[in-house]
Each structure stands twice: as structure tokens, then as C-alpha cells.
1. Check each of the trypsin sites (Lys or Arg not before Pro) in the range 55-104 and keep only those in coil by DSSP with at most 13 other C-beta atoms within 10 angstrom; list them in order.
2. Between 79, 66, 12, whose Cα lies farthest towards the positive end of the dipole of the chain when Lys and Arg beta carbons carry +1 and Asp and Glu beta carbons carry -1, centred on the Cα centre?
3. Would you tally the net charge around residue 54, using a Cβ to Cβ cut-off of less than 13 Å, leaving residue 54 out, and scoring K and R as +1, D and E as -1?
4. Provide Rg and Dmax in Å for the chain, with only Cα atoms included in the calculation.
5. With +1 on each Lys and Arg Cβ and -1 on each Asp and Glu Cβ, and nothing else charged, work out how big the dipole of the chain is about its Cα centre, in Debye to the nearest 20.
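Every number in this text was worked out from the coordinates using simple rules, so none of it is lab data. Worth saying up front: this structure is predicted, and the values here are computed from it rather than measured. All Cβ positions, even for glycine, are placed from backbone atoms using ideal geometry, and neighbour counts span all protein chains on display.
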Amino acid sequence: VQLQASGGGLVQAGGSLRLSCATSGRRLNIHLMGWYRQAPGKEREFVGLITRSGSTDYASSVKGRFTVSRDAAENTVYLQMNSLEPEDTAVYYCYLQELGRSYKYWGQGTKVTVSS
């Protein structure tokens, strides 16, 4: 199973970016997909997720600004980031979890830099 994240870059505060994460490999029975991020010198933290049924959950720091969505047919997850702040600067990692399993598959990360 491989996850390929893309869409990161440099953006000014208040701007927007859309990250994508495509999966490939064997047939998957996906339970949920989502995003974490890791800022320089900090631990990796949860950002948001979307379940098989379409339910979403977000970290309080991004709620109302970020939206997780998916293309179930393509096993692709997106992260729409609006009203970006310098504190959102981090490497963003996508992940997926299959039904009935706790193991997480991770993407390679895509860097987001928000300038003030």
C-alpha cells in the first residue's frame, strides 16, 4: 500500500491550499483516511479525518478553517486549508486505516509553509 501526498507549498497568511493524497497498491477496505502534521521541533499532531461513511472530525486548532473530503472511488483524500496562519506551517502527512485494523499506512509528507 502506498500513499502519495501532494499540494504543499508556500502561501501567505490568510491564503488557501488544497492537499491531495492518492493511494495505490492492493485492494483496500478503508475505514478512514485523514491527515496529521508535524511542525519543526514539535510532535506529530492530528489534523482531521473522514470515515468510510463520510463523518469527519477535526483538531480544534483547524476546525472551521480546514475541510477533509474524499473521492471514495479513487481512494483519494483531500485537505482544503483556508485562512492559513503561520502556525499551520508543518509537514502534512496523510494516512489511512483499514476496517478492523489499528495499523496506519502513512504517506511521505508534503510541506506547507505559511508566511506572515
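1. 63, 101
2. Of 79, 66, 12, it is 79.
3. 0
4. According to the Cα coordinates of the chain, Rg and Dmax are 13.5, 43 Å.
5. Approximately 280 debye in magnitude.
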